[in-house]
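The values are calculated or read from the model by the stated rules, or taken from the named source; none is laboratory data. Bear in mind the structure is a predicted one, so any value in this text is a computation, not a measurement. Cβ atoms come from the backbone with ideal geometry, glycine included; neighbour counts cover every protein chain shown. Remember, those area values only see protein heavy atoms, side chains included, never the ligands or the DNA or RNA. Shrake-Rupley method; radii C 1.70, N 1.55, O 1.52, S 1.80 Å.
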Amino acid sequence: MCAIEAGKRGRRVLIIDHAKFAGEKIRISGGGRCNFTNVNAASIHHFLSNNPRFAISALQRYKPKDFIALVERYGIAYHEKTLGQLFCDVSSRDIVDMLRKECELAGVEMRMQTSIIQLEKDGDKFIFETSDGKVLNSASFVVATGGPSIPKMGASRWGYEIADYFGLKLVPIRAALVPFTLDEATLARFAPLSGIATDSIVKTGKKDFREGMLFTHRGLSGPAVLQISSYCQEG
């Protein structure tokens, strides 16, 4: 999204991605159907942050309806599930293909299976060397790596390392929007229920969510569990 917008504004844009394919996290999201937005996403009441107003200016300038309009322009069929969640009817690949096409239209170049092995700032320019031996420079450098979850898909702490290198302040990170794993004894008791989903109220402290809960071969998952995990402290 950042590259598309920069390209539309006449910037020369290069995306460097160490993954084999673009948008792998998008591809697996929503069980392969991509929960691409939520109609209530512009409300600060739906954000966990020490400063929930931090994102409000961006959310007011680019609202869910703006992204929905883009999805509709590409003829991607979608449906609304519980609590305003919007999912593709067919496949999350539709969203990935849409974004790749938008990059192409904006003149954005993409280099996959390429890593940055060295990065320095010299005056007003960033100078970086890539794994294919090229040394490049740019006036702007955007780190959009996401969090370190799902390392099997290539996620890493590289974004945090870059922030630390340039002296940017970091807040402690912890798991959020994740399933729960259970100890062996408890897991054995629930094993016969693996694959079964049920409407549930899941609570910690004063916070609770009523949505689906899914028993898995490792523990508990489903929307209610993923939501409450953001409020649970490890242990």
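The table below gives the values:
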quantity	calculated
Of residues in the range 146-159 being in contact (Cβ under 8 Å) with a residue 60 or more places away in the chain and in a loop (DSSP other than H, G, I, E, B), the one farthest from A3 (Cα to Cα)	I150
Verdict on D164 being farther than 30 Å from F126 by Cα and of a type in the set (D, E)	no
Some residue of the range 113-128 being touching a helix residue (DSSP H, G or I) at 6+ places or on another chain (Cβ under 9 Å) and either part of a helix (DSSP H, G or I) or not aliphatic (A, V, I, L, M) (or both)	yes
Candidate set from the range 54-99 (those that are within 15 Å of N35 (Cα to Cα) and of a type in the set (V, I, T)); member that is most open to solvent (accessible area, probe 1.4 Å)	V90
Matching residues, the range 130-145, being out of contact with any Leu (no Cβ under 8 Å at 6 or more places or on another chain) and either touching a residue at least 12 places away in the same chain (Cβ under 8 Å) or among the β-branched types (V, I, T) (or both)	S131, D132, V135, N137, A139, S140, V142, V143, A144, T145
The range 160-216, residues that are surrounded by fewer than 13 Cβ atoms within 10 Å (Cβ to Cβ), of a type in the set (D, E, K, R) and part of a strand (DSSP E or B)	D199, K207
Single residue of the range 132-142 satisfying the filter (within 25 Å of the chain's Cα centre (by Cα) and open to solvent by 60 Å² or more (accessible area, probe 1.4 Å)) that is farthest from S156 (Cα to Cα)	S140
The range 100-129, residues that are of a type in the set (D, E) and either in contact (Cβ under 8 Å) with a residue 24 or more places away in the chain or surrounded by 15 or more Cβ atoms within 10 Å (Cβ to Cβ) (or both)	E102, E109, E129
